[in-house]
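Each value in this text was obtained by applying a stated rule to the coordinates, not by laboratory testing. Computed from a predicted structure; not experimentally measured. Methodologically, a virtual Cβ is constructed for each residue, glycine included, from the backbone with ideal geometry; neighbour enumeration extends over all protein chains shown.
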Amino acid sequence: MTAGLEIAGLRVAYDSIRGPVVAVDGVDFTVGHERVALVGESGSGKSTVGRAILRLLPPSAHIAADRMTFDGIDLLGCDERRMRRVRGGRIGMILQDPRHALNPVMTVGRQIVESYRAHGGIGGTEARRRALDMLAAVHIRDPERVFAAYPHQLSGGMGQRAMIAMVLAAGPDLLIADEPTSALDVTVRHSVLAILDELVIAHGMGLLIITHDLNLVATFCDRALVMRAGRIVEALPASGLAEAHHPYTRALFAAAPTL
Amino acid sequence: MTVTDDETFRMARGRLRSGAVLAGSVAATILGLLLVTFFIGRVIPVDPVLAVVGDRASAETYAAAREAMGLDEPLWRQFLIYLGGVLRGDFGQSVLTGRPVLADIGRFFPATLELATLATLIGVLAGVPLGVIAAVRRGRWPDHVIRVVTLLGYSVPTFWLGMIALLLFYATLDWTAGPGRVDLFFEGLAQPVTGSLLIDSALAGAWDVFGSALDHILLPALVLGTFSLAYIARMTRSFMIDQLGQEYVLAARAKGLSEARVVWRHALGNTAIPLVTVVALSYGALLEGSVLTETVFAWPGLGAYLTNSLLNADMNAVLGCTIVVGIVFIGLNLLSDLLYRLLDPRAR
Amino acid sequence: MTAMRAWLLDEAPASPAQAAMGRAYVAWRDFAANPLALTGLIIVLLLVALAVLAPLLTAHDPYAQNLDDRLLPPGAAHWLGTDQLGRDILARILYGARITLMIVGLVAVIAAPVGLVVGCVSGYFGGWLDVVMMRVTDVFLAFPRLILALALVAALGPGIENAVIALALTAWPPYARLARAEALTIRGREFIDAARMQGATAWGIVFTQVMPLCTSSLIVRLTLDMAGIILIAAGLGFLGLGAQPPAPEWGAMIAAGRQYLFDQWWVATMPGLAILVVSLGFNLLGDGLRDVLDPRR
Ligand SMILES: Nc1ncnc2c1ncn2[C@@H]1O[C@H](COP(=O)(O)OP(=O)(O)OP(=O)(O)O)[C@@H](O)[C@H]1O
Ligand SMILES: [Mg+2]
């Protein structure tokens, strides 16, 4: 039994008025204790892959795979209860825009505490203490204030750090981050990424990061998977992106602005 | 009962006006309301004096009323006279009861409020869960069943439903008490404190009166609550569908929360805010719907008073009721505005 | 057939006409795929057919009294029974459909154009005219509609014409709101500027360019409102303020059956069922239309 995420032959189709639309068309890859980037143009199926792993696609989506396991747990076959323990507890997911991904009528603190209580089996005071620690760990200077704040009271960068704290709370072994910085101001992108990187290494987590930003891939990742029209067209070390063979990858790279 | 879905959406979205603008618009709306009732009472009727004093009035009464209404004056002066009277709480005399209209309304309104409140309670307690279930099971059979049920609730004439309910549950099955507010035997036994017979009798510990009152109110409240149930369920469904599509719901699921918690805590927590407006609007609609329901159930409230006044062409009473219900409508709107600010952290 | 479908669903339509027909086709397919909406459409069409064909469908005269046959239960001779004056209830319901249709039709024909004009003028011209008109609209919207209608009928006197006037007077404000919102978006479009350049007057533009474009959404809204109008009209009839006896108006028929409710249930039950079915039909139809035009809800 191998550790980490193993996917083989993943296919996803969405129902539509013109019949099924194949969004992911036979994808194979693994993620161990490493940082893997999933890149590709818009609509190539990256988010669909990320959500399929947690079985969080809308009802109109149909998933099929030859194999989709995490540490030996069959992610497609297991029942909903088991899956709930995987979500958050084993595999966490960070979404793109903290302004939409945090519940607007619940304080940030409650939302982090909720993560602990869903998995940790710990009491309220203990959860609160750990939540404050976690907020400090994502370099929030005034954890007490942010804990009591509502999402709309935070800046984009702070919101995204609060979300990272929320997702890391239950101590997942793999983190899926779907464009974690693209909704942020250019000025705070780098610091949020640095924090993410620091925590991933500190906790020994695996990371699957979905992004358009090839500079980010080169700086923060070990490997890159290039997606196009629902397929992985190339897999290569992140450092080797610039020397990619596939014309599509070269075109992608050529289109990216340099840092 | 005429609140429509679109209006609700408009009202739920068009929030967050500043306090001054709000006060100004409330004042302007009340002024408009009085202008309309003035026209209905003083301009449309061929002989407005007769419409107000009734055709059995003596020559002196007629002359005095004519004098008080200032009918020789230009229209705008007449309106000012009318406005002055209404603002001082003088809605004129009721031809039917011979008492000041405002005193009559004060006597009959509590019964209506009691009925409408219970009906709204039923509507909220049943409508919200139904709406949530329909949204969660969207497009599948529970959703279809709930849709048909709520559309039936929109489509049924309440006065007829009341009659059928009486026929079935009172005359045939004998499960509930018949028309009226309480068994004749208990009439006037509970000391009126709040005006709600249920609360008054409970306060006084008169449980037999309470039981009889509950027996009597259940059927009309259920009948009146049908509309509110349908309306609240439909609105809950569409607000919930909106919310369930939001990113934060995905994030909550990705945290490993139970589906129940995601739906009832996260999504419904956000739905509750616009729902406040819906409940306020449906409460207003029920006050209006009570006009017909009370007639059927011989419920001694404002609706029955208004109907009696209508049938006797008692214009002062009719317009008095119109103004009072209109002002309650405006008040409910204001209240839902304030609650909205209180509940939504983004609006504070 | 498949070629036709493909043409209609073409993702890159060659002409605006093809695109429009494609949209209409998709809308109709959504609508037809919804059995509830279809049921509503059928009920409404049936109502019209029954009203028109009433004399062919029943041999009974809705006004003919026959005191020997009074309060007969539903049976072979009188399918839905007879009322307190021995009149055939089925015949009265069929002829009563005409009254219902007439009321609904008249209210629609009066209220919708009033709302359309107020809303378009308000939205297109803006400024103080807009402020004043929308204030007036708000006042009417703040009013409890049934009670306003009751007060109006009380002042005007009972009768079907006055009931229609009262209903129309209370029905127009939502249309004005809707038309104003549409007019506001249309105002900024290029073809309006073009018309202005060519020397069209503001009023000309409002009547020839803005109003026609506002009409379609108004019609949908009108369908949704029909059930409400039917219910209020029936309520007025029930209170004796609408159509006067011996007219077979459904609300008035229920009121007449009220005193026989516990012993001759059919007298009040049958016309109530008629109201329920028809208003359900309009609600189903309106609901289906809304689903098609705004799938988000
Ligand atoms: N709910 C849905 N229903 C139908 N089709 C969908 C749905 N979600 C995504 N798709 C389709 O699936 C394909 C892949 O979408 P996906 O969101 O996974 O792309 P992506 O690579 O994440 O794009 P982006 O970089 O823009 O986020 C697209 O063609 C999209 O139109
Ligand atoms: Mg994406």
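What's the center-to-center distance, using Cα atoms, between the range B:292-348 and the range A:195-259 in Å? The distance from the Cα centre of the range B:292-348 to that of the range A:195-259 comes to 64 Å. The distance separating the Cα centre of the range B:159-222 from that of the range C:75-120 comes to 35 Å. Note on B:Asp208 and C:Ser216: the model spin-label points, each 7 Å out from Cα along the C-beta direction, lie 6.9 nm apart.
Helix A:156-168 axis versus longest C-alpha principal axis of chain A: approximately 90°, rounded to the nearest ten. Amide hydrogen proximity for A:Val21: with H placed 1.01 Å from N in the peptide plane, the residues at 5 or more positions away or on another chain lying under 5 Å are A:Tyr14, A:Asp15, A:Ser16. A Förster radius of 56 Å combined with the Cβ-Cβ distance from C:Phe262 to C:Tyr25 puts the calculated FRET efficiency at roughly 0.55. Residues of the range B:310-348 falling in the label zone of B:Ala103, defined by backbone nitrogen less than 16 Å from a point 7 Å along Cα to beta-carbon, are B:317.
A:Ala235 label point, 7 Å along Cα→Cβ, cut-off 16 Å on backbone N: hits in the range A:43-84? Hits in the range A:43-84 for A:Ala235 at 16 Å: A:49-50, A:66-71. About its Cα centre, the dipole of the range A:1-101 is roughly 400 debye, where the only charges are +1 on Lys and Arg Cβ and -1 on Asp and Glu Cβ. Have a look at A:Leu196, A:Ala165, A:Leu214 and report the one farthest towards the positive end of the charge dipole of the range A:154-215, computed about the Cα centre with Cβ charges (Lys/Arg +1, Asp/Glu -1). Highest projection toward the positive end goes to A:Ala165. Here the range A:91-171 is treated with +1 on each Lys and Arg Cβ and -1 on each Asp and Glu Cβ, and its dipole about the Cα centre works out to around 60 debye.
Principal-axis analysis of the Cα atoms of chain A puts helix A:108-119 at an angle of about 70° to the longest axis. Modelled label positions at A:His212 and C:Arg196, each set 7 Å beyond Cα in the direction of Cβ, lie 3.6 nm from each other. Taking Cα centre as origin and charging only the Cβ of basic (Lys, Arg, +1) and acidic (Asp, Glu, -1) residues, the dipole magnitude of chain C rounds to 540 debye. Among B:Ser309, B:Ser238, C:Ala166, which residue has its Cα positioned farthest towards the positive end of the charge dipole of the protein assembly as shown, with +1 placed on the Cβ of Lys and Arg, -1 on the Cβ of Asp and Glu, and the dipole taken about the Cα centre? Going by the Cα projections, it comes out as B:Ser238. Between A:Arg67 and A:Ala8, the built amide H atoms are under 5 Å apart, and every one of these is 5 or more places off in sequence or on another chain. Relative to the dominant Cα principal axis of chain B, helix B:302-311 is inclined by about 50°. Using θ = phi - 60° in the Karplus curve 6.51 cos²θ - 1.76 cosθ + 1.60, the 3J(HN,Hα) couplings for the range B:157-169 round to x, 4, 5, 6, 4, x, 5, 5, 4, 4, 4, 7, 8 Hz; x is entered for Gly and Pro.
How many partner chain Cβ atoms sit within 10 Å of a residue's Cβ in peptide A:112-124, on average, as a whole number? What the average comes to for A:112-124 is 2. For the range C:8-130, the relative contact order works out to 16 percent when only alpha carbon pairs closer than 8 Å and six or more residues apart are counted. For the range C:63-75, putting each phi into the Karplus relation 6.51 cos²θ - 1.76 cosθ + 1.60 with θ = phi - 60° gives couplings of 9, 6, 8, 8, 5, 5, 9, 6, 6, 6, x, x, x Hz, in residue order, rounded to whole numbers and with x for Gly and Pro. The simple spin-label model puts a point 7 Å past each Cα toward its Cβ; for A:Ser42 and B:Ala272 those points are separated by 3.8 nm. Once you reduce the range B:256-272 and the range A:129-186 to the center of their Cα atoms, the two points are 21 Å from each other. Where only DSSP H runs of four or more residues are counted, chain B gives -23000 deg cm²/dmol as its mean residue ellipticity at 222 nm, each run worth -39500 (n - 2.57).
Rounded to the nearest whole Hz, the Karplus-based 3J(HN,Hα) values (6.51 cos²θ - 1.76 cosθ + 1.60, θ = phi - 60°) of the range A:71-82 follow the sequence 6, x, 7, 6, 6, 8, x, 6, 6, 5, 5, 4, with x at glycine and proline.
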